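The values are calculated or read from the model by the stated rules, or taken from the named source; none is laboratory data. What you are looking at is a predicted structure, and each value in this text was computed from that prediction instead of being measured. Cβ coordinates were reconstructed from backbone atoms using ideal geometry, including for glycine residues, and neighbour counts include every protein chain displayed.
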Amino acid sequence: MRSLEGSGPDRTGLDTWTCLRGSVAAFCGLGLLVATFLVLSSCSGPAAPPVATVSVNTQKLGAEIPKDFLGFSNEVSTAGMALPTPTAQARGSIQPPSGVPADAKLDYVLGEPSAPNTGFFTMMKDLGPGVLRLGGNSQDTNCWDPKAAPHPKWCEGTLTAGLLKLYSTAVEAAGWRMILGLNLKQNSARWALREATEGIAKQIPASEIIGLEIGNEPSLFARTPARPKNYSPADYVKDATAYIKAFRANPVARQYNFVAPANCCGWNNAEDLGTILKGIGPDLKLASVHNYTTTTCGEKNVTAAELLSPERVKEFNDLSRQMVAVAHENHLPLALAETNSASCGGMAGVSNAFASAVWGLDYMFNIASDGYSNINFHFSYRTGGSAYNPVQSFSWKTGNEMHYRNVAQPLYYAMYMFAQKASGEHLLPASVESKANITAFATTACPDCEVHVFIINKDEKASGTVRVHLAGHAGAGTLLVLQAPSLGSMADNVRYGGQQFDTDGHIGTPGTTSVAPGENGNYIFTLPNASAAVLSVAP
C-alpha cells in the first residue's frame, strides 16, 4: 500500500514549495527576487474546495444489515417465459468475450441439470450467505406435469426434477437458501401439491427453502385469460389462502413456509399490500414485493442520468418506507424479491455499463436503510439477452463436455463491494455536503470496530478531493476504489482495487491506498469520476 497523507498545513506547504521550486527554475534568468515574488503570488491562492465533505457519527449504531441481505432472482427455467423479444435499445448487442467460440450462446446462469455452472456458484458464494429467489414470469408459465394441469395450453415449459435438483446444487455449493415460486396462474391447489410432494420434497432439503412464493406478480394476471379483468388484491387473498390450506393439510407439504404476494405494478402501494398481508394472516413467513427503478417496457429509453437521478431515489425511498411499515405492522419482514435497474430486460449501455455499478451500490444502501430484509437482483432470458443480468454466462460444447464462461458485470462488482464491507454490519448516520451527485453511507460491526465509509460518485462529470470526518476515530485508514474510465464503460474496463473476476468467480487481492488523518482529524483523498470508494478506518 502506498501512503496518502491528509492535507493539513504541512501538505499545503509542500505543495507551495513544489510550485515555487519549479517556477523559480523557469524564471531564473530574470532574477531570483522577481521570480520569487511572482511564484508566491501565483501559488498562494486558495485551494479548490472539496468535491464532497462527509461526516459520520460513529457513536450511534443504526439498523443491522442482515448477513444474507444480498441475493439473485432467477427464472425457474429459460423455457416458455412467454415474454416478447426486447427492443433493440433494451437488448443491445451482447457478444461472447474474447477466447470464447463465436457460436457460444447466452445460457441459463445456473447451467443445466447434467452440467451445472459451478463457476457461477462460486460467484454466489463470494457474496457471503444469500438468498436465491427462483420465480419470475416462468414460474407461472412452466408446469410440473403439464398434461395434468387444469389448463395445459398455459404451460409453455416443463418444470422437471432435474431443475429442482439444480436449484439445490446451487444453494448448497454457495451456502445460500432459496425462495421457490409456485404456479398460481393455474389456480389449482390440488395440482400444485403434486409439485411439492413429487418434486420439491424429493429433490430439495426443506432446510434450504425459506418459503414457497405463491404466484409471480398476480396483479398482471388480469391481462391474461387466467383471471377476470377486475381481479383484485382481495381475490388474490382467496386464491393464495386456498393453496396454503391445501398444503397445511398434506403431511409432506405442511413442512413449508409461505411467501407472498410478489406484488408489482398496480398493486405496489401500501393499501393493497396491507389488504393482502392482513387477509392471509399469520400463515406467511415473509412478505415480498417487486419493483424496478426505471423501465424499457413499451420501447422506452432510459439514460444514465435518469437512472442516477436523486429525485428518483427519493421517490423510490418514499414508497419503500410505506411498504416496509405495512409489513412490519403485520409482523412480517419485507423482501424486495425481484428488482433491477430497468424492467423489461434493462437498457443497453446503461444497465450493463458502469452506471449500473454506482446506481446499484447506492441502491443497496437505500434499500437497507428503508428496512427491507433482503434484495434480489433479477436475471432474465429474453431472446437476444437482457442487459441487466448481474452475470452474463456463455456456453459451448466440445464433444460431450459443456463449457461456461461467466462475465461479472458492473452491477456484480457493486454487490461484491457491499458484501465485503457492509453485509452483517450496522448502518451509521452519515451526511454529505456536495454540489455534485455524490452520496455517502457508513457501516460498522460494533461501537469499537473498524468503520467503513462508502463514497459513491454518481455524477457524470465531477471528481476531486473528498474530506471525511469520523468523530471518535483517528486510526489508520485504507482506501479501496471500484472504478472505470467512464459511466458508460463496460465490464472489461471495470476494476475492483485494480482486479477483475475470472470465469470461475476468483479475483486477486485488491490494491488499497493508506490514508492517514490530518492534524484536524480529517481523512482526505481524491475521488475519480465514475467510481465508488470505501474508506476503512481503525478505531
Filter result (within 14 Å of the chain's Cα centre (by Cα) and either part of a loop (DSSP other than H, G, I, E, B) or on the phi > 0 side of the Ramachandran plot (or both)) within region 338-347
Asn340, Ser341, Gly346
From the residues in region 504-537 that are out of contact with any Leu (no Cβ under 7 Å at 6 or more places or on another chain) and within 16 Å of Leu411 (Cα to Cα), which one is surrounded by the fewest Cβ atoms within 10 Å (Cβ to Cβ)?
Ile507
Which one of the conditions (1) buried (at least 17 other Cβ atoms within 10 Å of the Cβ); (2) in contact (Cβ under 8 Å) with a residue 40 or more places away in the chain; (3) under 21 Å from Thr141 (Cα atoms) does Cys297 fail to meet, given that it meets all the rest?
(1)
Selection from region 64-106 of residues that are modelled with pLDDT under 95 and closer than 30 Å to Gly199 by Cβ:
Ser77, Thr78, Ala79, Gly80, Met81, Ala82, Leu83, Pro84, Lys105, Leu106
Checked pairs for region 185-208, first at positive phi, second of a type outside the set (S, T, N, Q), C-beta under 6 Å and 6 or more apart or across chains, list as Asn187/Asp239
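Conditions (1) within 27 Å of the chain's Cα centre (by Cα); (2) under 23 Å from Glu338 (Cβ atoms); (3) not hydrophobic (A, V, I, L, M, F, W, C); (4) not assigned by TED's automatic domain parsing to the domain that holds Ile280, marked per residue:
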{"residue": "Ile209", "(1), (2), (3), (4)": "yes, yes, no, no"}
{"residue": "Ser219", "(1), (2), (3), (4)": "yes, yes, yes, no"}
{"residue": "Arg227", "(1), (2), (3), (4)": "no, yes, yes, no"}
{"residue": "Pro233", "(1), (2), (3), (4)": "no, yes, yes, no"}
{"residue": "Lys238", "(1), (2), (3), (4)": "no, no, yes, no"}
Selection from region 391-400 of residues surrounded by fewer than 23 Cβ atoms within 10 Å (Cβ to Cβ), of a type outside the set (A, V, I, L, M, F, W, C) and touching a residue at least 60 places away in the same chain (Cβ under 8 Å) yields Ser395
Checking Ala260 against (1) surrounded by 15 or more Cβ atoms within 10 Å (Cβ to Cβ); (2) of a type in the set (A, V, I, L, M, F, W, C); (3) touching a Gly at 6+ places or on another chain (Cβ under 7 Å): exactly one of these is not met. Which one?
(3)
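Based on what the data block shows, is Asn330 within 13 Å of the chain's Cα centre (by Cα) and either more than 30 Å from Ala102 (Cα to Cα) or not small (Gly, Ala, Ser) (or both)?
On the way: within 13 Å of the chain's Cα centre (by Cα): no; either more than 30 Å from Ala102 (Cα to Cα) or not small (Gly, Ala, Ser) (or both): yes.
Answer is no for this residue.
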Only residues that are crowded, with 24+ Cβ neighbours inside 10 Å, in a loop (DSSP other than H, G, I, E, B) and touching an Asp or Glu at 6+ places or on another chain (Cβ under 9 Å): list them for region 348-390, please.
Val350, Ser380
Report, by residue number, each residue of region 250-269 that is within 19 Å of Ile210 (Cβ to Cβ) and either in contact with a Cys (Cβ under 9 Å, 6 or more places away or on another chain) or in a helix (DSSP H, G or I) (or both).
Ala253, Arg254, Gln255
Is it the case that some residue within region 319-337 is surrounded by 24 or more Cβ atoms within 10 Å (Cβ to Cβ) and either in a loop (DSSP other than H, G, I, E, B) or without any contact (Cβ under 8 Å) to a residue 24 or more places away in the chain (or both)?
no
Report whether or not Asp272 is in contact (Cβ under 8 Å) with a residue 12 or more places away in the chain and part of a helix (DSSP H, G or I).
yes
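Quick check on region 189-205. Is at least one of its residues touching a Pro at 6+ places or on another chain (Cβ under 8 Å) and at pLDDT 95 or above?
At the first step, the residues of region 189-205 found to be touching a Pro at 6+ places or on another chain (Cβ under 8 Å) are 191.
This time we only want the ones that are at pLDDT 95 or above, so: 191.
Looking for residues that are touching a Pro at 6+ places or on another chain (Cβ under 8 Å) and at pLDDT 95 or above, one finds at least one in region 189-205, hence yes.
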Quick one: what pairs do we get from region 88-100, first residue loosely packed, with under 11 Cβ neighbours inside 10 Å and of a type outside the set (D, E, K, R), second part of a loop (DSSP other than H, G, I, E, B) and at pLDDT 70 or above, C-beta under 9 Å, 6+ apart or different chains?
Ser93/Ala348; Ser93/Gly384; Ser93/Gly385
In region 292-304, is there at least one residue being modelled with pLDDT of 95 or more and under 23 Å from Ala422 (Cα atoms)?
yes
Which is surrounded by 18 or more Cβ atoms within 10 Å (Cβ to Cβ) and modelled with pLDDT under 95, of Gly215, Gly211, Gly157?
Gly157
Does at least one position in region 276-288 carry a residue that is small (Gly, Ala, Ser), buried (at least 22 other Cβ atoms within 10 Å of the Cβ) and within 30 Å of Leu319 (Cβ to Cβ)?
yes
Taking first residues from region 465-485 that are closer than 16 Å to Ser431 by Cα and in contact (Cβ under 8 Å) with a residue 40 or more places away in the chain and second residues anywhere that are part of a strand (DSSP E or B) and among the basic types (Lys, Arg), the pairs with Cβ under 7 Å that are 6 or more apart or on different chains are none
Failed item in (1) crowded, with 23+ Cβ neighbours inside 10 Å; (2) closer than 24 Å to Lys435 by Cα; (3) hydrophobic (A, V, I, L, M, F, W, C); (4) more than 14 Å from the chain's Cα centre (by Cα), with Val313 passing the rest
(1)
